Every structure is written in C-alpha cells, then in structure tokens.
Amino acid sequence: MSLPLYLWKLKEDTRGHALDFGLDFFEVVFELVSNEDLNEIAAYGGFPVRYPHWRFGMEYDRMAKGHLYGLHKIYEMVINNDPCYAYLVEGSSQIDYKLIMAHVYAHSDFFKNNMWFSHTNRKMMDEMANHATRIRRYIDRYGVERVEKVIDACLSLDNLIDFHFPDQAALSQAAREAEAEGKPADHRFPIDSPEYLESYLYPQEYVDSHRKKHEAAQAKARKIPPSPVKDVMHFLSVHAPLEEWERDIISMIREEALYYAPQGQTKIMNEGWAAYWHSRILTEKTLDSSEIVDFADSHSKTTAVHGKSINPYKLGLELFRDIEDRWNKGKFGPEYAACDDMKRRAAWNTHAGLGREKIFEVRKIYNDVTFVDTFLTPEFAAEQKMFTFE
C-alpha cells in the first residue's frame, strides 16, 4: 500500500534530517502493510516472494502466535537492497512512525557503507523472485518430495560457507588453479628413451624410486579438492555427483546464505547504529515537546536489558556513544593507554573533537567481533554494569 500524505511528508522530513547528519544511504521505499502481511514477509526472511518450503510456514505460525499472545510485535522490516524496501505496520502511532523511519534510514546507511556488506547482491529482491521461479519449475518437473529433500539438505549446510571468499566465480577459478598446480609432470627420466631401454640406462633402484615418486604425485593430484576448502556448499556444487538441477538449487541456497551472512556478523553494530541515529534525529530534529515522553517509552522498550542477556540495540548504541565521547575527549592513543591513574583517565579531555568522524569510520570497517573486541573497555563495562560480582 502506498503511503498516505502525512506519512509521505514525515518520510521526506526524516530523509532530509538524515542527510543533514551525514548519513549516506540507498533510496528507501516504504510500504504500509497489515500485521498479518508483515508476519508473512518476516517469515520469508524479509522478502515478499520466496520458494515454497515448509520452514516458512512453520516460521509464520510461530510469529503469528507470538503476536496473538502478545509475546512480541514487529514494528518494521528493512531489506538490504538498492533501493531499500522497508515495511511499516498499519495503525502504528505517529511517534512510532517517526522512530521507525529514522531507524530505517540508518540501517540503509549501514548496508550501503559497511565493508562486510560490500559483496552482497544489491538487487536481491529480484534475485529471490528468480530463485522462487526456478525452484517452482523444478517442483513441476521433478515433484515436491525430490526438490524438498534437496532443499532440506542444503539448508542443513547453509552455514558451511566461506564469508571471506564469497565470489563463486573467483572461488571456482582458485580451485582450478590449485588443481592445475597439484598435477604432476609427465613421467620422464633425465634422458628421453623408450621404456624397454630404462633398465639399461639406469640402475633398477633408481627406476623403482622414480616410479614410486611419480605414482605418489599422481595420487596427490587425484585428491579432491587438492587443498582444504572452507566453503562446503561450493565444493558440493562443483564436485558432488549431482544432476544439474540439484547443483542449481545448491548454488541458489548458497547465494542466499552469503547474502544473509553479514547481517549475522554485524547484528550489534547494525542495530546499535540505527538506535543511535533514530535517537539523535528524533530528539534533535523531529520530535514535538508533547512527544518526548512517548518517545522515551518506545525507545526504552527497544533498548531494555533483561537479566543477564545481551540486547544488541542497547550494547551497540552505548558503544557508539562511548566511542564518540572518547574520541571527542582524546581518550585514545599511546599516551592515554599508558596512563594508569584512574582519576586522570576519567578527567582526560584534550578536546580532540574527532568523535563523529570516528564513529563513521567504525561503521565502515568493523564487524561485531572486532567492534566489541576493540572498543568494549573495562571502564565501559563498569559504567554499563556488565560485571557480575560475587
């Protein structure tokens, strides 16, 4: 459903504020959908069209029951695509729409600029629909059970991919080069001669040794693959004794797994970045004074921490705020690291003013592992009450 006029104006205002803050995003297409439609899209992994499979129905049933019993509610969904597609729920409040739109523009900025998303297909909306069409054709040709059995096997292996070498064409070329390097040279003695003369030209021990080396080299060359590989799905698509339609399904499932992988690698950063910017845009630009309390209520629900669990929104948001504060005050570098006086460290302020530049740099080059490993300091953990004392 197209946006009503008031939401279109709100979208344009939010877009302008995001640009003013320096965000660089794909154009965003917002669509208004019902809760049922959003649950269906979410069950499909964020895409309106996917291939038929029982796991999508199972996921939809789980989400629908969770919403019915009040266990959870999806407010928005955004897809890494160019343009980005984002879904808004009908009947949400004005403050929710403001928060969600700002949140979505920050996600789009992260998708576009974070290096871990740089290999992803930016036309995945079309690609998912193509995959659905091809798999439906295979179902018509080979039957539901055969196709579903292959898909089940692929989905059980879809985490066995190489995130650091996602390009299938380059991976295939590398495999071919490794295989070519592993092939032994033809069986040759120093003097080219017919086989019946070998025993006259060379001692028998030398002939036997030479042939053993050649046979060992041949055995090594027959090894598949010539060297170990991490990408099991790519290996199966190339070397497994499969029919062409089965190889095609493996390639499709692998492509989708590679598309989703960066979202798992950057969950804390991506949600923290979006929470950081929706709070900045709303509190500094779009909120009316009468909406502050409602915003605080919605924002606190997003960033609440329960027990000892980690909320990626909260952890990412506070880490980005801490990085900005530290680099604004100059709390980095060898001099700061060498300071062991806790009072001096707490009061440290060189007025460096590099916070905004630093968080944009972090957004570009880190993933969750390097982000937390680099910036989660003992001072931050103490401030956020992340230690458990006994």
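The values are calculated or read from the model by the stated rules, or taken from the named source; none is laboratory data. The model shown is predicted, which means the values in this text are computed figures rather than measured ones. Cβ: placed from backbone, ideal geometry, glycine included. Neighbour counts: every protein chain shown. Accessible surface is based on the protein model in full, side chains and every heavy atom, while ligands, DNA and RNA are left aside. Shrake-Rupley method; radii C 1.70, N 1.55, O 1.52, S 1.80 Å.
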- Message: Tell me whether the stretch 74-82 contains one or more residues that are without any contact (Cβ under 8 Å) to a residue 12 or more places away in the chain and open to solvent by 10 Å² or more (accessible area, probe 1.4 Å).
- Response: no
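Scan the stretch 353-360 and tell me whether some residue there is within 26 Å of the chain's Cα centre (by Cα) and of a type in the set (Gly, Ala, Ser). Break it down stepwise before answering.
Residues of the stretch 353-360 that are within 26 Å of the chain's Cα centre (by Cα), as a first pass: 355-360.
From what is left, the residues that are of a type in the set (Gly, Ala, Ser) are 355.
So far as the stretch 353-360 goes, yes, one or more of its residues are within 26 Å of the chain's Cα centre (by Cα) and of a type in the set (Gly, Ala, Ser).
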- Query: Does Gln204 satisfy the criteria of being at pLDDT below 70 and open to solvent by 30 Å² or more (accessible area, probe 1.4 Å)?
  - Reply: no
- Check Val49 against each of (1) surrounded by 15 or more Cβ atoms within 10 Å (Cβ to Cβ); (2) over 30 Å from Ile359 (Cβ atoms); (3) in contact (Cβ under 8 Å) with a residue 24 or more places away in the chain and name the one condition it does not meet. (1)
- Item | Odd one out for Lys343 among (1) farther than 27 Å from Asp20 by Cβ; (2) surrounded by 14 or more Cβ atoms within 10 Å (Cβ to Cβ) | (2)
- Query: Can you name the residue in the stretch 126-139 that is of a type in the set (D, E, K, R) and touching a residue at least 24 places away in the same chain (Cβ under 8 Å) and, of all such residues, is surrounded by the most Cβ atoms within 10 Å (Cβ to Cβ)?
  - Reply: Glu127
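When only residues in the stretch 346-375 that are aliphatic (A, V, I, L, M) and open to solvent by 30 Å² or more (accessible area, probe 1.4 Å) count, which is farthest from Gly272 (Cα to Cα)?
In the first step, residues of the stretch 346-375 are kept if they are aliphatic (A, V, I, L, M); the result is 346-347, 352, 354, 359, 362, 365, 369, 372.
Cutting the leftovers down to open to solvent by 30 Å² or more (accessible area, probe 1.4 Å) gives us 346-347, 352, 354, 365, 369, 372.
Numbers: Ala346: 24, Ala347: 26, Ala352: 24, Leu354: 19, Ile365: 15, Val369: 14, Val372: 12 Å.
The extreme case among them is Ala347.
Of all residues in the stretch 140-161, which are open to solvent by 40 Å² or more (accessible area, probe 1.4 Å), within 18 Å of Leu236 (Cβ to Cβ) and of a type outside the set (Gly, Ala, Ser)?
Step one: of the stretch 140-161, the residues open to solvent by 40 Å² or more (accessible area, probe 1.4 Å) are 140-142, 144-146, 148-149, 152-153, 156-160.
Checking which are within 18 Å of Leu236 (Cβ to Cβ) leaves us with 146, 148-149, 152-153, 156-160.
Selection gives Arg146, Glu148, Lys149, Asp152, Leu157, Asp158, Asn159, Leu160.
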- Message: I'd like to check which helices (runs of 4 or more DSSP H) are fully inside the stretch 5-121 and have at least 2 residues that are within 30 Å of Thr370 (Cα to Cα) and touching a strand residue (DSSP E or B) at 6+ places or on another chain (Cβ under 6 Å).
- Response: 94-113
- Consider Ala274 against the criteria (1) out of contact with any His (no Cβ under 9 Å at 6 or more places or on another chain); (2) within 29 Å of Thr14 (Cβ to Cβ): it satisfies all of them except one. Which criterion is unmet? (1)
- With respect to Asp82, determine if the residue is modelled with pLDDT of 95 or more and at negative phi. no
- Item | Residue in the stretch 222-249 that is modelled with the highest pLDDT, counting only those that are closer than 24 Å to Ile139 by Cα and among the β-branched types (Val, Ile, Thr) | Ile249
- Check off (1) more than 21 Å from Thr377 (Cβ to Cβ); (2) free of Cβ contacts under 8 Å to residues at least 40 places away in the same chain; (3) part of a helix (DSSP H, G or I) for His306 and give me the number that stays unchecked. (3)
- Task: State all residues of the stretch 285-303 that are open to solvent by 80 Å² or more (accessible area, probe 1.4 Å) and in contact (Cβ under 8 Å) with a residue 12 or more places away in the chain; if no residue qualifies, say none.
- Result: Lys285, Asp294
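Report yes if Leu317 is touching a helix residue (DSSP H, G or I) at 6+ places or on another chain (Cβ under 9 Å), open to solvent by less than 30 Å² (accessible area, probe 1.4 Å), closer than 21 Å to Phe110 by Cβ and not aromatic (Phe, Trp, Tyr), otherwise no. Give the derivation first.
Working: touching a helix residue (DSSP H, G or I) at 6+ places or on another chain (Cβ under 9 Å): yes; open to solvent by less than 30 Å² (accessible area, probe 1.4 Å): yes; closer than 21 Å to Phe110 by Cβ: yes; not aromatic (Phe, Trp, Tyr): yes.
Yes; evaluated as a whole, the condition is true for this residue.
Have a look at Met1, Met101, Met58 and point out the one that is aliphatic (A, V, I, L, M) and at pLDDT below 90.
Met1
Please go through the stretch 218-259 and give me each residue that is under 12 Å from the mean Cα position of the chain (by Cα) and surrounded by fewer than 17 Cβ atoms within 10 Å (Cβ to Cβ), ordered by number. Before you say what the answer is, go through the steps one by one.
First, pick out the residues of the stretch 218-259 that are under 12 Å from the mean Cα position of the chain (by Cα): 256-259.
Answer for the stretch 218-259, where residues must be under 12 Å from the mean Cα position of the chain (by Cα) and surrounded by fewer than 17 Cβ atoms within 10 Å (Cβ to Cβ): there is none.
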